[in-house]
4 protein chains.
Amino acid sequence: MNIVDERSKARKVVEDTNFDYLIMFLICMDAVVLGLLTVGFADVNFVTTLFLLDRLCMAIFIVEMLIKMYAYGPRFFKSGWNVFDLVVITVSSLPVASCLIVLRTFRLFRLLRYVNRFKPMKNIINIFLMILPNFAAMAAVLGVFMYVFGILAVSLFGDVFVEFAELPSALFALVQAFSPDSGIIRPVMAVYPHAWIFFLSFSMISFLIVTSFFLSVISAMVHKEFKIASNL
Amino acid sequence: MNIVDERSKARKVVEDTNFDYLIMFLICMDAVVLGLLTVGFADVNFVTTLFLLDRLCMAIFIVEMLIKMYAYGPRFFKSGWNVFDLVVITVSSLPVASCLIVLRTFRLFRLLRYVNRFKPMKNIINIFLMILPNFAAMAAVLGVFMYVFGILAVSLFGDVFVEFAELPSALFALVQAFSPDSGIIRPVMAVYPHAWIFFLSFSMISFLIVTSFFLSVISAMVHKEFKIASNL
Amino acid sequence: MNIVDERSKARKVVEDTNFDYLIMFLICMDAVVLGLLTVGFADVNFVTTLFLLDRLCMAIFIVEMLIKMYAYGPRFFKSGWNVFDLVVITVSSLPVASCLIVLRTFRLFRLLRYVNRFKPMKNIINIFLMILPNFAAMAAVLGVFMYVFGILAVSLFGDVFVEFAELPSALFALVQAFSPDSGIIRPVMAVYPHAWIFFLSFSMISFLIVTSFFLSVISAMVHKEFKIASNL
Amino acid sequence: MNIVDERSKARKVVEDTNFDYLIMFLICMDAVVLGLLTVGFADVNFVTTLFLLDRLCMAIFIVEMLIKMYAYGPRFFKSGWNVFDLVVITVSSLPVASCLIVLRTFRLFRLLRYVNRFKPMKNIINIFLMILPNFAAMAAVLGVFMYVFGILAVSLFGDVFVEFAELPSALFALVQAFSPDSGIIRPVMAVYPHAWIFFLSFSMISFLIVTSFFLSVISAMVHKEFKIASNL
């Protein structure tokens, strides 16, 4: 009974509006601090202060997580945003090896949780999440085509052009070739006059796949509107 | 009663079609004059004439505003276009310090009021205003992502590449990296072979956010059509 | 009665499928001939033959027009495609001064008339014509903004940068600045660190105007579908 | 009766889930092998192994086709995917002359068949196939315009600029001119100050044609949704 009591007390704390504003303020301050840390000020004291502020924010966020987990128990994991926060904070507070220091920046994605409070932003983020599966599908189909065209490009142009000598480089060159003004296509066509067939097919297929993606999401959205309308 | 009489007389003047055409003509002339003032003619007399014409237009616009405010009284501020005109004219006639002279150009935005008379243009401007909140939401979400990726870029590439040494410069370089043909990505990848993961994630997330914005406005528009259709 | 008789005979000729195929074949041949004329063959006889073929096609097209006008009388001008043909042929057969020789190429637009026979192409051309007023509206609104931003750019950057010294050049530079990778923005920002506000506002407003155009045409199209659906 | 028996046995084999997984695994392995073959390892034995694996995959695919054709008889050709497989495998196993070796890469398109099993990918591929006729129509209309503008460009700028000296090169330069930052337009405008009219018309017409294509497919899709909704 004591635990239940303490839990409900903890819940009161984390559900308090002021607590929420405090966390929101700390995330914003943390964003500014991390931004300032990239500047490289001459004043060592100032940099140390910034660094300490950053450590402090991180500590508070970890404590916040622990309180929330204590307050809600297993139900904590039912909220997608809580899991999001937990992952973001865990990743950003991994033991700070030199190459992992950048991960602390991920904490700033918590800003999205507060951004989510305003209706048009929530709308955008919801649509963002809704179109993710379709986007992954497009990426997979586009991936197959790019892989095939990449291998083709290496076989066709790899002997003469350094850009197409290896597969990763060739894939990058293909992405560059989307921009019609790129300096990739003209030299290739000077050696292989029929190379335009290759680049044109590639551009057209990519264009069609991306257009198909747009249509699939527009279609899904119109479909949803019809459902909403028919339920009225 | 005298004032009421004068007010209704003033209202008759400003609501007269010819008065309207006169103002419209003056705005167009002002647009041409401001355009010609950028040319830098050798003939000093001509430039002085242009300058005087510009001053004259401004004076007439201020008088027009005063008459309108007198004619309508407080109701003047109920029309969005009147407020728009007032702001534009006030801003463009601020005491002309050398760096503020450019503000007079804002007067030309009054052209939009007359553009608004033709139905398809009115349509475009209405949609423009309708999608502003969604656009602001997209800008905010995109802003959070760009800020995080900007800080990441400074931490990751800032030591080696001048473009990524400071946050504002890094943000600009990220915008440039949208164009696949830009000269930013290749040198970075020569030093950090895995940098493509960073740039690809950034491009894909930005693409998804912009697509979400498009879908949110298309969705809002289809929703409106359904409402119109159900009211028929 | 003789004239009526001759007219109906003429109408039979021009409405004959074979006559139609002949004209279609001649237009296609003319397209090939005009294409070959750009190559500049060494063989003078061949070039002369091509040139004569081109003259011949033109002569036949003029005769075709005259027969059609005779056959249909004033009703000839009721068909949009007939007027289109007449304008195209008149323009392309104007007395051939050296700088007007290029106008003969306009005859090839007659291909569009035959392209129009296949349903999906007809669909595209119809939509093309349907969105023209909205496109003109967008061009006008965008034009006002570009004019204002062009004058602003000349006032702000014209003293230092040649690209912004005059209005037409500044407008072109603004169009170039749409491409984030362009070499225009960085040098300007090196001198005026706040220039990004100018370029960002310009890009965002242009983006919003173009998006508004897309939405206005999508909206018109969805509206049409609702009308079709409600009539079923 | 023996043949019928054997056919149904063969059908059991090819319809077995494990057989399907085996083929799927082989296609994926083949994709990796073909990718590795582009790397050019120093170890000759490894390359030979890869090459033999590739031959083996091809042999198995041919056997698979033969079994399937035997199992289904003429009904084999009723499935679009079977025909697709047959074409892809036939093309990719043509007698390997040096310039045709690249065709073996087409075998990888068989990956699309398996990609097709996941609903969102199937959706994308279906839309891809659905919009193909509209895309072809757009390509034809755009083709007519580009041909005319290409000939115009050769006539107008061909004497001075190498890029516009011949039709194919001029068409490529026109595609490049879509990118406003391209180095094509400025030099042309330095010689022909009115060239912007040409490039602007070309860009606007191309923009309108592509927009018309988008609208035609969105329209078709909304139309389909209305049909689905009215059948409910």
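Values in this text are rule-based calculations from the coordinates and carry no lab data. Please read these numbers as outputs of a predicted model, since none were measured by experiment. Cβ placement follows ideal geometry from the backbone for every residue including glycine, while neighbour counts extend to all protein chains displayed.
The table below gives the values:
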{"quantity": "Kyte-Doolittle at least 1.6, axis length at least 24 Å by Cα - qualifying DSSP helices, chain D", "calculated": "D:17-37, D:119-157"}
{"quantity": "Sequence of B:D20, A:D30 once ranked by neighbouring C-beta atoms within 10 Å, starting from the fewest", "calculated": "B:D20, A:D30"}
{"quantity": "Copies compared at A:N116 - label distances in nm, ascending, label defined 7 Å from Cα in the Cβ direction", "calculated": "3.9, 3.9, 5.5"}
{"quantity": "Peptide A:36-42 - average C-beta neighbours from other chains (10 Å radius)", "calculated": "4"}
{"quantity": "Per-residue Cβ neighbour rank within 10 angstrom, fewest leading, C:W196, B:W81", "calculated": "B:W81, C:W196"}
{"quantity": "Helix-only CD estimate at 222 nm, as mean residue ellipticity for chain A, using -39500 (n - 2.57) per DSSP H run (n ≥ 4)", "calculated": "-26000 deg cm²/dmol"}
{"quantity": "Whether the range C:120-231 is rounded, prolate or oblate, judged on the alpha carbon gyration tensor where a/c under 1.5 counts as rounded", "calculated": "prolate"}
{"quantity": "Using a 7 Å Cα-to-Cβ projection, B:F76 label spacings across copies, nm, ascending", "calculated": "6.1, 6.2, 8.7"}
{"quantity": "D:I60 versus D:S230: modelled label distance in nm, points set 7 Å from Cα along the beta carbon direction", "calculated": "5.1 nm"}
{"quantity": "R0 of 60 Å, Cβ-Cβ distance D:N45-D:V4: FRET efficiency to nearest 0.05", "calculated": "0.80"}
{"quantity": "Computed FRET value (nearest 0.05) for B:D159 with D:A190, which takes r as the C-beta separation and R₀ as 41 Å", "calculated": "0.45"}
{"quantity": "Extreme residue, positive dipole direction of the range D:120-231, given options D:S219, D:P193, D:V175 (C-beta unit charges)", "calculated": "D:S219"}
{"quantity": "The range C:156-232 and the range D:146-181: distance between their alpha carbon centers, rounded to Å", "calculated": "25 Å"}
{"quantity": "Computed lengthening from D:W81 to D:L200, 0.36 nm per intervening residue step minus Cα-Cα distance", "calculated": "38.4 nm"}
{"quantity": "Burial ordering of A:Y192, D:Y21, fewest other beta-carbon atoms within 10 Å first", "calculated": "D:Y21, A:Y192"}
{"quantity": "Other protein chain Cβ atoms within 10 Å, averaged over every residue that makes up C:133-142", "calculated": "5"}
{"quantity": "Average Cα contact separation per residue, the range B:2-117, under 8 Å, 6 or more apart, as relative contact order %", "calculated": "29 percent"}
{"quantity": "Label spacing, shortest first and in nm, from D:F51 to its equivalents in the remaining copies (7 angstrom along Cα→Cβ)", "calculated": "5.8, 5.8, 8.3"}
{"quantity": "Inter-chain shielding of A:153-159 (mean C-beta neighbours from other protein chains, 10 Å cut-off)", "calculated": "4"}
